[in-house]
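Single-structure report; data block below.
Where a number appears in this text, it was derived from the coordinates with a stated rule and is not lab data. Quick caveat: nothing in here was measured; it's all calculated off a predicted structure. Reconstructed Cβ throughout: ideal geometry from the backbone, glycine too, with neighbour counts over all protein chains shown.
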Amino acid sequence: MGKYLLRRILQMIPVILGTTLLIYALVFALPGDPVRAMFGARPVNEAVAAQIRSEYNLDKPFIIQYLLFLKNALSLNFGMTFSGQPVISVIGRAFPVTIRLALMAFVFEGIFGVIFGVISGLKKGKWYDSVILIVSLLLISVPTFVTGFVLQYFIGVKWRILPVTAGGSPGFLDLLMPAMVLGSVSMAYIIRLARTEVSSNISEDYVRTARAKGMSNRSVIMRHILRNSLIPVVTYLGTDIGALMGGAMITERIFNIQGVGNTLYQAILRGEGPLVVSIVTILVLVFVVCNLVVDMLYAVLDPRIRYA
Amino acid sequence: MTDSNTTISENTNDFVVQPLHGQERFVAPIDETPVQEVDSVDESKVASSMWADAWRSMRKNPLFIVSGILILIILIVAIFPGIFTKVDPNYCNLPQSLDGPSSGHPLGFNQQGCDVYSRVVYGARTSVSVGILTTVIVTLFGGIVGALAGFYGGWLDAVLSRITDIFFAIPMLLGAIVVLQMFKTSTSIWKVVLVLALFGWVTTARIIRGSVLEAKNLEFNTASTALGSSPLRNLFRHVVPNALAPVIVLTTTSLGSYIVAEATLSFLGVGLPTTVVSWGGDISDAQSLLRIDPQVLFYPSLALAITVLAFIMMGDAVKDALDPKSRV
């Protein structure tokens with residue numbers, strides 16, 4: 001296990017280097033001159049522009065820029081945004097909001113996804129199974145931004161149950177509706193996954209054996225069916241944390257949350273290389289670490305899997 | 001009774017069955033058919049393959065029938081939009097802005113005064129072509145990368161797998177926004193398709209690599225090598241067909257998700273150019289009208305949802321058919 005863990009952590013290094021290089025190259029290739037854009041409509045003062053360029057290393061060749069970025073990033077110095085704030089403080093402001101949002105969405109999709117999925121898998125063919133199935137299919141096929149608008153309109157504007165937008169420092173209630181929207185698609189996938197797993201495990205031999213031993217229905221479901229069915233669900237949930245943080249871009253725009261997604265989107269539009277690459281690097285780190293944790297969890301949950 | 005029993009056991013020892021008194025013996029007529037004709041493979045008929053079995057069970061699945069009919073209708077609308085409406089989707093008349101339904105315009109007008117029904121009909125072509133083109137490219141490219149990595153293993157697998165990991169770690173939407181930002185001034189359907197494919201091939205590559213690894217070590221592959229076929233022939237003749245099932249399932253389901261991704265990119269303002277009639281663009285335009293005229297938002301969303309739903313249902317039906325274990 002220790003050896004496996006070490007190998008996986010070593011494998012993460014080329015992935016992180018590759019991803020940052022790729023994103024850096026893409027952002028580098030963005031059209032338009034960000035320094036020129038900073039002057040707006042005013043005439044460009046070439047001396048000032050040159051000074052800014054050297055300050056942000058924009059006058060150096062691409063690969064040098066990238067290596068300089070890496071060198072600084074290792075000491076958590078992500079440089080300055082074009083508006084003169086340290087990137088790290090922008091990130092420090094945006095990430096807590098998105099982490100809270102993603103965690104709420106995570107809890108929401110985990111709890112409701114598993115409950116509905118298991119109910120529907122145990123009672124396959126009943127009317128509520130069909131209802132759950134149709135609703136989950138609808139949630140998958142309607143784009144998140146449409147779900148977001150519709151919920152925002154009914155819950156926020158028409159019935160005034162929850163706040164319409166989240167604003168500066170959002171609390172639990174402000175983030176409740178965005179979290180539901182963010183988690184809705186994943187919840188639908190979890191429902192489908194749990195349903196398939198439960199309904200296929202229910203006819204396994206070991207379940208019949210457990211029933212034949214005289215085990216109560218409750219214990220059969222809890223100890224045998226659920227334990228085996230939830231392994232893939234846990235895997236899905238684990239990899240989803242990273243996806244939720246990335247997917248927050250849409251939700252944060254709809255509900256005007258000043259989180260990572262919104263910051264990143266605006267940074268991309270402005271062509272702010274350092275900020276984009278820094279945020280993406282952190283997102284990729286979160287994603288890669290989550291994947292590793294999931295693989296480790298897998299070995300803990302499923303005794304058949306042992307890593308050498 | 002005891003008597004006859006002992007007789008039989010004695011007789012069987014001698015391998016000669018003596019007719020008992022009063023017991024009839026039935027002797028089958030001597031079978032003159034040569035062994036060849038019974039045992040030989042009937043080469044004139046097509047073998048019942050996994051695909052034939054799958055097709056037979058899928059045909060009866062209501063999920064397949066419903067989604068098949070829906071997809072057929074969507075394809076007809078996408079190929080021949082002219083049959084369904086005579087109104088030009090790009091003819092917009094501002095005085096008619098947000099007018100309700102009238103004769104010839106069953107769904108009313110949007111903010112620009114364009115006919116909503118006509119735009120919904122013509123939008124089908126955009127969404128369906130983005131979905132299909134992306135899926136085709138993703139499947140070909142991801143399939144080739146995955147098959148090569150899984151089949152040859154070694155350093156090729158190591159290199160390809162690391163590249164796959166790199167692309168896998170970048171969320172599709174995020175990567176697509178950055179790349180499309182480069183082409184901001186001149187987006188087209190093809191650019192959106194290529195960008196979606198650039199970040200979408202990874203899943204296919206991973207799945208096909210896994211199933212090729214699994215199929216590679218099966219006996220028929222060894223047998224084929226023993227018969228003298230080259231590795232490349234083995235790969236395409238034996239391994240890939242056996243690894244195809246999970247890819248087909250993924251392909252059908254992900255087609256819908258590419259359509260959603262295209263709509264989302266258009267919503268974020270980096271997708272298709274505004275001159276292309278698309279559901280995503282129309283939904284995006286209508287978002288600010290939700291409080292004034294929700295139906296302008298409703299119809300393109302509905303069309304998009306039905307299309308995606310049809311492909312997801314088709315994916316489910318294919319999965320049920322190709323995975324005999326999931327049949328109930």
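The orientation-averaged projection of the convex hull spanning the C-alpha atoms of segment A:126-232 amounts to 9.2 square nanometres. Take the Cβ atoms of B:ASN217 and A:ALA47, set R0 to 60 Å, and the FRET efficiency comes out at 0.35.
Once both labels are positioned 7 Å from their Cα atoms along Cα-to-Cβ, the gap between A:ALA25 and A:LYS71 label points is 2.2 nm. Put simply, segment B:57-326 fits an ellipsoid with semi-axes of 42, 22, 13 Å; these come from the alpha carbon gyration tensor as the roots of five times its eigenvalues, largest first. Convex hull volume per residue, computed on the Cα atoms of the protein assembly as shown, equals 268 Å³. For the cross-link pairs A:LYS126/B:LYS60; A:LYS3/A:LYS71; A:LYS123/B:LYS319; A:LYS124/B:LYS319; A:LYS3/B:LYS216, the ones whose C-alpha atoms lie over 24 Å apart are A:LYS3/A:LYS71; A:LYS3/B:LYS216.
Per-residue mean of foreign Cβ neighbours for A:200-207 is 1 (Cβ atoms of other chains, 10 Å radius). Each 5 Å bin from zero up to the one holding the largest Cα-Cα distance in segment A:88-307 carries the following percent of pairs: 1, 7, 13, 15, 16, 15, 12, 9, 6, 4, 2, 1, 0, 0.
For the peptides B:66-77, A:284-295, B:152-163, B:293-304, residues were scored by their other Cβ atoms within 10 Å and the scores averaged per peptide; the highest-first order is B:293-304, A:284-295, B:66-77, B:152-163. Taken about its Cα centre, the protein assembly as shown carries a charge dipole of roughly 1800 debye when the Cβ of each Lys and Arg holds +1 and the Cβ of each Asp and Glu holds -1. A Förster radius of 22 Å, combined with the Cβ-Cβ distance separating B:LEU227 from B:TRP51, puts the computed FRET efficiency at roughly 0.40.
Close amide H pairs (under 5 Å, H built 1.01 Å from N) link B:CYS114 with B:ASN93, residues at least 5 positions away or on another chain.
The label point for A:VAL293 and the one for A:SER130, both projected 7 Å from the Cα toward the Cβ, are 4.1 nm apart.
Each label was represented as a point 7 Å from its Cα along the Cα-to-Cβ direction; for A:VAL107 and B:LEU75 these points are 4.8 nm apart.
For the listed peptides A:85-95, B:86-96, B:279-289, a ranking on the average number of other beta carbons within 10 Å per residue, highest first, reads B:279-289, A:85-95, B:86-96. Mean per-residue shielding of peptide B:299-311 is 3, counting Cβ atoms of other chains within 10 Å of each Cβ. For trypsin sites (Lys or Arg not before Pro), the sites in segment A:187-246 that DSSP calls loop and that have at most 13 other Cβ atoms within 10 Å are A:LYS213. From most to least packed by mean Cβ count within 10 Å, the peptides A:18-27, A:46-55 give A:18-27, A:46-55. Among the chymotrypsin sites (Phe, Trp or Tyr not before Pro) in segment A:116-192, those located in a DSSP loop and surrounded by at most 10 other Cβ atoms within 10 Å of their own Cβ are A:TRP159. In plain terms, chain B is cut at each of the GluC sites (Glu not before Pro) found in a DSSP loop with at most 14 other Cβ atoms within 10 Å, and the longest leftover piece is B:44-328. Of the trypsin sites (Lys or Arg not before Pro) found in segment B:180-278, none is in coil by DSSP with at most 16 other Cβ atoms within 10 Å of its Cβ. Inter-chain Cβ neighbour count for A:11-24, averaged per residue, equals 4 (cutoff 10 Å, partner chain atoms only).
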